[in-house]
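The structure appears below as C-alpha cells.
The values are calculated or read from the model by the stated rules, or taken from the named source; none is laboratory data. For clarity, every value in this text was computed on a predicted model and none was experimentally measured. So basically every Cβ, Gly included, is an ideal-geometry build from the backbone, and we count neighbours across all protein chains shown. Each accessible area value is taken on the protein alone, full model and side chains, heavy atoms only, with ligands, DNA and RNA left out. Shrake-Rupley method; radii C 1.70, N 1.55, O 1.52, S 1.80 Å.
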Amino acid sequence: LAYYRAGVGVDPTALEPYPPDLTMVAGDHTAVEPQPLSVVAWGCGVGSVREVTPPDCRGTDSLRMLVTFPDCWDGVQAHAPDPARPSTHVAYSSGGECPVSHAVHIPQLQFAVAYAPVDPAGLALSSGSILTGHADFWNAWDQAKLEREVRACLVRDLPCNIYGTLSV
C-alpha cells in the first residue's frame, strides 16, 4: 500500500505537489546497521508498534515493512545530481519544518509492504539482509491529477481515494 500525507507535524496547507519527474530513494540498500524507525520500520499487521528488525508476527494477519520517503525538496532539481547519492535533492522534515536547503514541503509517501506472518529467523530481502530495506519513487503521475489530489485532499487534511474524492 502507498500512503500520501503531510509529514509528522507538517502544516498540510504548506504542501506542494511533487514536481514532474521527481525521483527519490528512501532507506539504504547497503545498510549494515538498523536504519531509523522514521525511515524503515517493521511491525505486525496494522499495529502501531514499530521495530528495527522483523518481529515474530505469527498469530497475526501479516508482517509489514514500512518505508517512509523524504518530505522536503530543494525546489530545483527533480533528480539527485550525483547518482551515487540518489536523494541529495530531498530531505526529511524535523518537528514539522524543512531544512532551509530543502524548503519545499512535498507529500510524505510511505510504502507498507505486507508479508506472510512467518518466523523472522533467517529472513532476508532481495537487496540483502533485513537491514537493507529501501524503496524508489519516480513521479510519473498525470501532473494535473496529482495537483488536484494535493489541493482537494492533502492540503485540506482529508482522507481521499485515488480519484481525489473524499473516502470515508
Can you list residue pairs whose Cβ atoms sit under 9 Å apart, with the first residue in the range 1-30 being within 26 Å of P81 (Cβ to Cβ) and open to solvent by 50 Å² or more (accessible area, probe 1.4 Å) and the second being of a type in the set (A, V, I, L, M) and part of a loop (DSSP other than H, G, I, E, B)? Count only pairs 6 or more apart in sequence or on different chains. E16/I106; P20/A78; P20/A140; D21/A78; D21/A140; D28/V39
Pairs please, first residue from the range 143-168 and part of a helix (DSSP H, G or I), second anywhere and among the small types (G, A, S) and modelled with pLDDT of 90 or more, Cβ atoms under 8 Å, 6+ apart in sequence or on different chains. L154/A6
Any residue in the range 91-103 that is among the aromatic types (F, W, Y) and at pLDDT 95 or above? yes
Kindly indicate whether A121 is out of contact with any His (no Cβ under 6 Å at 6 or more places or on another chain), within 19 Å of L22 (Cα to Cα), exposed (fewer than 14 other Cβ atoms within 10 Å of the Cβ) and of a type in the set (A, V, I, L, M). no
(1) among the hydroxyl-bearing types (S, T, Y); (2) over 16 Å from the mean Cα position of the chain (by Cα); (3) more than 23 Å from V8 (Cβ to Cβ) all hold for S101 apart from (3)
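If the requirement is being among the hydroxyl-bearing types (S, T, Y), in contact (Cβ under 8 Å) with a residue 40 or more places away in the chain and open to solvent by 30 Å² or more (accessible area, probe 1.4 Å), which of these qualifies: S94, S62, S129?
Going through S94, S62, S129 in turn, the sole match is S129.
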Restricting the range 33-46 to residues that are of a type outside the set (A, V, I, L, M) and open to solvent by 30 Å² or more (accessible area, probe 1.4 Å), the residue that is nearest to the chain's Cα centre (by Cα): S38
